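**Q** Take a look at the following structure, please.
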Amino acid sequence: MKEIVCISGKGGTGKTSLTAAFSHLAENKMICDLDVDAPDLHLILKPRISTTEEFYSGNQARIDPDRCNGCGLCEELCRFGAVSAIEDGFEIDPLRCEGCKLCVAMCPVEAIEFPRRHCGRWFRSESRFGPVFHAQLFPGEENSGRMVALLKQQARQAAEQRDLGLVLCDGAPGIGCPVIASLSGADLAVIVSEPTVSGRHDLERVADLCDHFQMPAAVVINKADLNADACKDIEAFCVQRGLDLLGVVPHHHQFVQAMIQEKAVTELEDSAVADQIRRIWSGIERRAGLTETQSHETTTLKEE
Amino acid sequence: MIVAIASGKGGTGKTTVAASLAAVWQGPLTTADLDVEAPNLHLFLQARIEGRRAMSMMVPEVDESRCNRCGACSDICQFKAISVMGEVMLTFPEMCHGCGACMAVCPEDAISEGARPLGEVLWGRRGDIDCLAGRLRVGEAMSPPLIGHVKDAAEKTAAARGADILYDAPPGVSCPAVKAVTGADVIVLVTEPTPFGLYDLKLAVESFAVFDRPMGVVVNRAGIGTGEGYEYCRQSGLPVLAEIPFTRAAAEAYSRGQILAEVFDEHRGRFAALAKEIRRQHAVAGEVTA
């Protein structure tokens with residue numbers, strides 16, 4: 001089984017629109033939205049939820065005002081500034097509490113409770129493109145990568161049980177916890193870039209991240225016609241870094257039209273970008289070893 | 001006044017808005033790029049870098065000769081960052097949140113403060129504007145601690161001149177975005193009139209409502225999609241502070257790193273009006289609390 005993750009560094013380059021199109025084109029796959037913070041893939045796939053699971057991660061300290069003697073040791077010890085004095089004692093800001101348990105363990109009168117933290121929900125669903133695993137963190141919750149890791153693991157297991165050859169994942173922007181967690185165990189990162197100064201800058205950050213974790217990566221340039229020079233610059237960067245350039249997609253108003261119609265852009269009858277995206281998807285399949293040609297290429301590589 | 005430019009969805013135009021606001025801002029200003037994972041504001045502001053400082057966070061360092069392998073540290077650690085395997089002490093600094101619990105519970109005083117590099121804080125100037133930014137070390141998972149350092153530095157810099165602060169926040173609505181928006185006097189949410197933009201705008205409103213600060217919306221790329229977002233703003237009493245129409249020319253200018261308010265007269269007027277509106281929101285909120 002193979003696992004492909006779409007990432008970008010910079011947000012808004014078109015990860016989700018392209019992942020939706022790949023979901024349309026790919027066969028025999030599990031779809032997984034690993035952007036659990038601001039997930040959007042479901043807006044296109046319109047999945048029917050089969051089961052909902054609650055997600056708990058870590059704990060959260062809470063002062064019982066009846067037992068608190070107001071000594072203030074917790075405020076002194078907390079390195080996250082989560083404890084503050086109130087009129088008759090102290091309270092803990094749940095947004096700042098990291099759940100480290102230090103205050104709980106040190107409180108001389110055992111006045112601090114430590115309940116589990118209910119952080120969000122995740123879903124097993126079915127869609128017109130096949131099974132989908134997706135999630136939603138509650139607003140403002142910690143995105144430590146634990147939810148991402150859990151969702152991936154569940155999606156992989158289910159894909160194996162259903163004899164699916166591919167887990168196709170939509171990732172989060174950035175290069176921090178959720179992105180690192182989404183790359184873990186993947187076979188290929190598809191980096192969706194754009195020819196803007198920001199897109200170029202963040203492509204380099206995310207390429208460095210893939211190198212850091214020795215993750216094979218390949219690049220798609222979206223909105224390619226916005227800036228021909230920046231496009232050439234990205235192409236040169238890919239050559240220099242040994243990144244496969246899978247193809248380019250133009251900036252096209254059909255992406256928004258498709259989104260409004262709750263469709264993948266490749267599903268539109270008069271889709272102007274379908275051919276390019278099909279070619280890119282074939283390239284991804286080859287690169288990830290999902291097609292016959294790859295096994296041949298692999299042999300050649302080994303012989304070398 | 002501290003203004004945070006935030007959004008749920010990435011790529012809606014936070015940096016576009018922050019750069020143009022900075023260009024038209026009246027009075028002393030400090031900008032801080034808090035999107036430390038993918039910092040881009042400097043590409044637009046082109047500030048002259050004057051200094052940088054490597055930042056780190058505390059992680060445990062065990063003195064094996066003092067350690068009696070009692071396991072109190074691994075019992076309390078909630079992040080699986082320290083453990084005793086038989087006679088061997090193992091630390092996993094990349095898992096550590098820097099809470100200091102292991103040090104506090106160690107009966108032998110065998111744990112001291114080591115450091116894990118987080119990245120760096122940079123500062124410089126563009127004309128009269130102080131510009132700060134954070135750059136997370138590639139491979140570092142936790143961005144909130146570095147965001148905290150950038151904010152501390154920005155607040156210190158601004159205080160010295162009595163300057164307003166503009167925060168360019170990271171995308172999303174979880175810990176990094178919350179860390180960035182905490183303490184802001186006005187929250188500006190940048191969205192785009194598409195289904196993705198609207199869904200993530202709602203998430204952002206839910207996440208940041210707890211701060212109980214004036215919050216308004218900037219609709220970027222106005223005209224490309226649907227009007228549902230406006231309806232949502234009307235129903236939830238969120239003022240639309242500005243609309244920035246989509247034009248191919250603006251998208252191309254952005255791609256080259258140009259500041260819209262500097263390139264297009266009509267945008268200059270728009271952002272000047274936005275700056276004024278932000279000040280007005282802040283003033284009105286001040287009157288209400290007073």
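The values are calculated or read from the model by the stated rules, or taken from the named source; none is laboratory data. Values in this document were obtained by computation on a predicted structure and should not be read as measured data. Don't worry about glycine lacking a Cβ; one is built from the backbone with ideal geometry, like all the others, and counts go over all protein chains shown.
**Q** Give me a count of the residues in region B:211-231 that are under 21 Å from B:ARG280 (Cα atoms), within 13 Å of chain A (Cβ to nearest Cβ) and not charged (D, E, K, R).
**A** The total comes to 2.
**Q** Considering A:LYS232, A:LYS223, which residue is surrounded by 20 or more Cβ atoms within 10 Å (Cβ to Cβ), at pLDDT 95 or above and more than 15 Å from A:THR19 (Cβ to Cβ)? Explain how you work it out, then say what you get.
**A** Values: A:LYS232 fails: surrounded by 20 or more Cβ atoms within 10 Å (Cβ to Cβ).
Matching residue, one of A:LYS232, A:LYS223: A:LYS223.
**Q** Among the residues of region A:237-245, is any buried (at least 24 other Cβ atoms within 10 Å of the Cβ) and modelled with pLDDT of 95 or more? If you could, list the steps in order and put the result at the bottom.
**A** Kept after step one, since they are buried (at least 24 other Cβ atoms within 10 Å of the Cβ), are these residues of region A:237-245: none.
No, because not a single residue in region A:237-245 is buried (at least 24 other Cβ atoms within 10 Å of the Cβ) and modelled with pLDDT of 95 or more.
**Q** Using the structure shown, decide if B:GLY269 is free of Cβ contacts under 8 Å to residues at least 60 places away in the same chain, away from every other protein chain (no Cβ under 14 Å) and assigned to a helix (DSSP H, G or I).
**A** Values: free of Cβ contacts under 8 Å to residues at least 60 places away in the same chain: yes; away from every other protein chain (no Cβ under 14 Å): yes; assigned to a helix (DSSP H, G or I): yes.
Answer is yes for this residue.
**Q** Can I ask one more? When you scan region A:205-232, how many residues do you find that are away from every other protein chain (no Cβ under 11 Å) and in contact (Cβ under 8 Å) with a residue 24 or more places away in the chain? Explain how you work it out, then say what you get.
**A** Residues of region A:205-232 that are away from every other protein chain (no Cβ under 11 Å), as a first pass: A:214-221, A:232.
This time we only want the ones that are in contact (Cβ under 8 Å) with a residue 24 or more places away in the chain, so: A:215-221.
Residues meeting the conditions: 7.
**Q** Oh, and also: Just to be sure before I move on: is B:THR157 farther than 22 Å from A:LEU77 by Cβ and hydroxyl-bearing (Ser, Thr, Tyr) in the structure I sent? Show your work before the answer.
**A** On the way: farther than 22 Å from A:LEU77 by Cβ: yes; hydroxyl-bearing (Ser, Thr, Tyr): yes.
Yes: the conditions hold for B:THR157.
**Q** Here is a follow-up. Which one of these does A:GLN157 not meet: (1) within 14 Å of chain B (Cβ to nearest Cβ); (2) at pLDDT 95 or above?
**A** (1)
**Q** Output the residues belonging to region A:99-119 that are touching a strand residue (DSSP E or B) at 6+ places or on another chain (Cβ under 8 Å) and not aliphatic (A, V, I, L, M). Explain how you work it out, then say what you get.
**A** Step one: of region A:99-119, the residues touching a strand residue (DSSP E or B) at 6+ places or on another chain (Cβ under 8 Å) are A:99, A:101, A:103-104, A:111-119.
A:GLY99, A:LYS101, A:CYS103, A:GLU113, A:PHE114, A:PRO115, A:ARG116, A:ARG117, A:HIS118, A:CYS119, listed by residue number.
**Q** Hey, another quick one. Quick one: how many residues across region B:188-197 are buried (at least 24 other Cβ atoms within 10 Å of the Cβ), within 13 Å of another protein chain (Cβ to nearest Cβ) and not in a loop (DSSP other than H, G, I, E, B)?
**A** Adding up the residues that qualify gives 5.
**Q** If the requirement is being farther than 20 Å from B:GLY172 by Cα and either touching a helix residue (DSSP H, G or I) at 6+ places or on another chain (Cβ under 9 Å) or at pLDDT below 95 (or both), which of these qualifies: A:GLY130, A:GLY120? Outline the logic, then answer.
**A** Numbers: A:GLY120 fails: farther than 20 Å from B:GLY172 by Cα.
Sole residue among the options that is farther than 20 Å from B:GLY172 by Cα and either touching a helix residue (DSSP H, G or I) at 6+ places or on another chain (Cβ under 9 Å) or at pLDDT below 95 (or both): A:GLY130.
**Q** Can I ask one more? Find all pairs meeting these conditions: Cβ atoms under 9 angstrom apart; at least six residues apart or on different chains; first residue within region B:184-202 and in the same structural domain as B:ALA158 (by TED's automatic domain parsing) and within 10 Å of A:MET259 (Cβ to Cβ); second residue of a type in the set (D, E, K, R) and in a helix (DSSP H, G or I).
**A** B:PRO195/B:GLU228
**Q** Oh, and also: Residue pairs, Cβ under 9 Å, 6 or more apart or interchain, first in region A:15-30 and on the phi > 0 side of the Ramachandran plot, second at pLDDT 95 or above. List them.
**A** Pairs found: A:ASN28/A:GLY130; A:ASN28/A:ASP163; A:ASN28/A:LEU164; A:ASN28/A:GLY165; A:ASN28/A:LEU166.
**Q** Right, something else. Of A:ASP275, A:ASP244, which residue is away from chain B (no Cβ under 14 Å), charged (D, E, K, R) and free of Cβ contacts under 8 Å to residues at least 40 places away in the same chain?
**A** Details: A:ASP244 fails: free of Cβ contacts under 8 Å to residues at least 40 places away in the same chain.
Within the list A:ASP275, A:ASP244, the selection yields A:ASP275.
**Q** Check B:ARG48 against each of (1) at pLDDT below 95; (2) under 30 Å from A:CYS78 (Cα atoms) and name the one condition it does not meet.
**A** B:ARG48 satisfies every listed condition except (2).
**Q** Counting just the residues of region B:1-51 that are of a type in the set (Asp, Glu) and outside any strand (DSSP E or B), which one comes out farthest from the other protein chains (Cβ to nearest Cβ)? Can you show your working first?
**A** Of region B:1-51, the ones of a type in the set (Asp, Glu) are B:33, B:35, B:37, B:50.
Going one step further and asking which of them are outside any strand (DSSP E or B), we end up with B:35, B:37.
On the way: B:ASP35: 8, B:GLU37: 4 Å.
Here the answer is B:ASP35.
**Q** Still on this model: Looking at (1) touching a strand residue (DSSP E or B) at 6+ places or on another chain (Cβ under 7 Å); (2) part of a loop (DSSP other than H, G, I, E, B), find the lone condition where B:GLY225 falls short.
**A** (1)
**Q** Would you mind finding the one in A:ASP66, A:ASP35, A:ASP40 that is outside the structural domain of A:THR291 (by TED's automatic domain parsing) and charged (D, E, K, R)?
**A** Working: A:ASP35 fails: outside the structural domain of A:THR291 (by TED's automatic domain parsing); A:ASP40 fails: outside the structural domain of A:THR291 (by TED's automatic domain parsing).
When all the criteria are applied, what remains is A:ASP66.
**Q** So, restricting to strands (runs of 3 or more DSSP E) that lie completely within region A:26-100, which ones have at least 1 residues that are over 31 Å from the mean Cα position of the chain (by Cα) and either modelled with pLDDT under 95 or not aromatic (Phe, Trp, Tyr) (or both)?
**A** On the way: elements: A:29-33, A:48-59, A:83-86, A:89-92.
Once the strands (runs of 3 or more DSSP E) in region A:26-100 are filtered for at least 1 residues that are over 31 Å from the mean Cα position of the chain (by Cα) and either modelled with pLDDT under 95 or not aromatic (Phe, Trp, Tyr) (or both), what remains is A:83-86, A:89-92.
**Q** If we scan region A:62-82, do we find a residue that is on the phi > 0 side of the Ramachandran plot and either touching a residue at least 40 places away in the same chain (Cβ under 8 Å) or of a type in the set (Lys, Arg) (or both)?
**A** no
**Q** Inside region B:70-187, counting only helices (runs of 4 or more DSSP H) that do not spill past its ends, which hold 3 or more residues that are away from chain A (no Cβ under 14 Å)? Explain how you work it out, then say what you get.
**A** Working: elements: B:72-76, B:101-105, B:144-161, B:175-181.
Once the helices (runs of 4 or more DSSP H) in region B:70-187 are filtered for at least 3 residues that are away from chain A (no Cβ under 14 Å), what remains is B:144-161.
**Q** Turning to a different aspect of this structure: Can you tell me which condition B:ALA261 does not meet? The list is (1) out of contact with any strand residue (DSSP E or B) (no Cβ under 8 Å at 6 or more places or on another chain); (2) crowded, with 17+ Cβ neighbours inside 10 Å; (3) within 14 Å of chain A (Cβ to nearest Cβ); (4) under 17 Å from B:GLY13 (Cα atoms), and all the others hold.
**A** Tallying (1) out of contact with any strand residue (DSSP E or B) (no Cβ under 8 Å at 6 or more places or on another chain); (2) crowded, with 17+ Cβ neighbours inside 10 Å; (3) within 14 Å of chain A (Cβ to nearest Cβ); (4) under 17 Å from B:GLY13 (Cα atoms), B:ALA261 fails exactly one: (3).
**Q** Taking region B:198-221, which residues are among the aliphatic types (A, V, I, L, M), closer than 17 Å to B:ILE5 by Cβ and touching a Phe, Trp or Tyr at 6+ places or on another chain (Cβ under 8 Å)?
**A** Answer for region B:198-221, where residues must be among the aliphatic types (A, V, I, L, M), closer than 17 Å to B:ILE5 by Cβ and touching a Phe, Trp or Tyr at 6+ places or on another chain (Cβ under 8 Å): B:LEU201, B:MET215, B:VAL219.
**Q** Can you spot a residue in region B:26-35 that is touching a Lys or Arg at 6+ places or on another chain (Cβ under 9 Å), β-branched (Val, Ile, Thr) and surrounded by 20 or more Cβ atoms within 10 Å (Cβ to Cβ)?
**A** Checked region B:26-35: at least one residue is touching a Lys or Arg at 6+ places or on another chain (Cβ under 9 Å), β-branched (Val, Ile, Thr) and surrounded by 20 or more Cβ atoms within 10 Å (Cβ to Cβ).
**Q** Only one residue in A:GLY199, A:GLY145 is crowded, with 19+ Cβ neighbours inside 10 Å, within 14 Å of chain B (Cβ to nearest Cβ) and in contact with a Cys (Cβ under 6 Å, 6 or more places away or on another chain), so which one is that? Spell out the reasoning first.
**A** Values: A:GLY199 fails: in contact with a Cys (Cβ under 6 Å, 6 or more places away or on another chain).
Only one candidate passes the filter, namely A:GLY145.
**Q** Another question, then. In this structure, is B:ARG248 surrounded by fewer than 16 Cβ atoms within 10 Å (Cβ to Cβ), more than 20 Å from B:LEU45 (Cβ to Cβ) and within 11 Å of chain A (Cβ to nearest Cβ)? Write out each step before concluding.
**A** Values: surrounded by fewer than 16 Cβ atoms within 10 Å (Cβ to Cβ): yes; more than 20 Å from B:LEU45 (Cβ to Cβ): yes; within 11 Å of chain A (Cβ to nearest Cβ): yes.
In short, yes.
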